[in-house]
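The values are calculated or read from the model by the stated rules, or taken from the named source; none is laboratory data. Just so you know, these numbers come straight off a predicted model, no measurement behind them. Cβ placement follows ideal geometry from the backbone for every residue including glycine, while neighbour counts extend to all protein chains displayed.
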Amino acid sequence: MIPRAVLVTAILVACAASAKAADPKAGRQKALQCQTCHGLDGRSKLPEAPNLAGQVETYLAKALKDYKTGARKNDMMSVVAPNLSDADIADLAAYYASIEVEVKRP
């Protein structure tokens, strides 16, 4: 029987090796295709498009994956998202999440 500590360590090493860190800089380059609706700065240019700047990275990644699979529907995103790789999604989410936003109070 394999000791539990050895098994846990092996799983953690395997996960770390398979995980590629998201790259916000690469995400910025990929965001060029998103700028018409969402703006390169993540601030929406169209009333029906959401602001992406400062959103939570895991939320953005899940939303993009859901658009890609069709679990989430939007006419424009259903055209764009299926072409995104997992790395594209991670990089875009990291980029938009990295944009600092300032909240102004009235």
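Hey, does the stretch 28-49 have a residue that's in contact with an Asp or Glu (Cβ under 6 Å, 6 or more places away or on another chain), at pLDDT 95 or above and either closer than 18 Å to Met77 by Cβ or not polar (S, T, N, Q) (or both)?
yes
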Q) How many of the residues making up the stretch 70-83 are surrounded by 15 or more Cβ atoms within 10 Å (Cβ to Cβ) and either farther than 14 Å from Leu52 by Cβ or charged (D, E, K, R) (or both)? A) 1
(Q) Suppose we filter Asp86, Asp91 for residues that are among the acidic types (Asp, Glu) and more than 21 Å from Arg43 (Cβ to Cβ); which single one remains? (A) Asp86
(Q) Against the conditions (1) in a helix (DSSP H, G or I); (2) more than 14 Å from the chain's Cα centre (by Cα), where does Arg105 fall short? Just the number, please. (A) (1)
**Q.** Residue check for Ala53: outside any helix (DSSP H, G or I) and either hydrophobic (A, V, I, L, M, F, W, C) or crowded, with 17+ Cβ neighbours inside 10 Å (or both)
**A.** yes
Q: Consider only pairs whose beta carbons are under 6 Å apart and that are at least six residues apart or on different chains; among these, list those whose first residue lies in the stretch 38-66 and is more than 19 Å from Val103 (Cα to Cα) and whose second residue is among the basic types (Lys, Arg) and surrounded by 15 or more Cβ atoms within 10 Å (Cβ to Cβ).
A: Asp66/Arg72
Q: Only residues that are in contact with a Leu (Cβ under 8 Å, 6 or more places away or on another chain), among the small types (Gly, Ala, Ser) and surrounded by fewer than 17 Cβ atoms within 10 Å (Cβ to Cβ): list them for the stretch 21-43, please.
A: none
Q. Within the bounds of the stretch 86-94, is there any residue that is of a type in the set (Val, Ile, Thr) and farther than 13 Å from Ala31 by Cα?
A. no
